[in-house]
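Just so it is clear, none of the values below were taken in a lab; they were calculated from the coordinates. What you see is a predicted model; the values in this text were computed from it and never measured. We place every Cβ from the backbone using ideal geometry, glycine too, and count neighbours over all the protein chains shown.
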Amino acid sequence: MSPRLVPAPISLVFSQENVDAESYNREFQQLNEADDNPINQWLKLAKARGETAETDPVLLNLIVELHNKIDNLERFLKDEEPIRVSLSSEAHIESIGFEHFNLKEKLLEKDMKYYGRVEMPVHPKRDVGIFFIAQSESLAKIVKIHERDEREWGAYMTARERVLIREARASR
């Protein structure tokens, strides 16, 4: 049975996992920790202590995102690029499912394990580390992804489905 997929234009860089598994695992963990900058850690602690109960959550999130944007701008001005592991292949994801994705080109070896970085087109834009296994030359199943990234992946897929439904209704 083939997975349900919806069209989604996303970029992916990847390599076979066995090329440098230790570095890939380290980067996978660092990508998740990058979200735990000091302001985000402070916000989590403040929420846990109940200090944000009377604060408008949308406004609070906007302020935190503004702070993160200023940090990103500062890194850009100082020419401080995040260090990423070099990956050997680039591809375009054609369609996604909750646990699968399909590449435009046939670049995978069936049953081979891979590590990749996906540039998620969500706000704020960021790289998501994933481990996946090829089920065919273009179809892959995600086997390891951080919990937050998995939620964003599912939310993005659902949003893409809604867009397709609206387009189908409009064309009637």
| said: I'd like the orientation of helix 21-33 relative to the chain: the angle between its Cα long axis and the longest Cα principal axis, in ° from 0 to 90, rounded to 10. | reply: 40
| With each label point set 7 Å from Cα along the Cα-Cβ vector, what nm distance links Lys104 and His67? | 3.9
| said: Run the reach check for Lys125 against lysines, Cα to Cα strictly under 24 Å, same-chain hits fewer than 8 apart removed. What comes back? | reply: Lys44, Lys47, Lys69, Lys78, Lys104, Lys141, Lys144
| Nearest 10 degrees, 0 to 90: what angle lies between the long axis of helix 57-77 and the longest principal axis of the chain (Cα atoms)? | 80
| query | In terms of the Cα gyration tensor, with a ≥ b ≥ c the square roots of its eigenvalues, is segment 125-172 rounded because a/c is under 1.5, prolate because a/b exceeds b/c, or oblate? | reply | oblate
| request: Treat each spin label as a single point 7 Å out from the Cα along the C-beta direction, and report the Val122 to Leu60 distance in nm. | output: 2.0
| note | Here, Lys113 and Lys47, labelled 7 Å along Cα→Cβ, have an inter-label distance in nm of 3.2
| field | Quarter of Cα convex hull surface for the chain, i.e. mean projection, nm² | value | 13.2
| query | Given 25 °C and 0.890 mPa s, how large is the Stokes-Einstein diffusion coefficient of segment 35-81 in µm²/s, with Rh as the Kirkwood radius over Cα pairs? | reply | 210
| request: Return the single residue from His67, His100, His92 with maximal mean-square fluctuation; model: Gaussian network over the chain, springs between Cα atoms under 10 Å. | output: His67
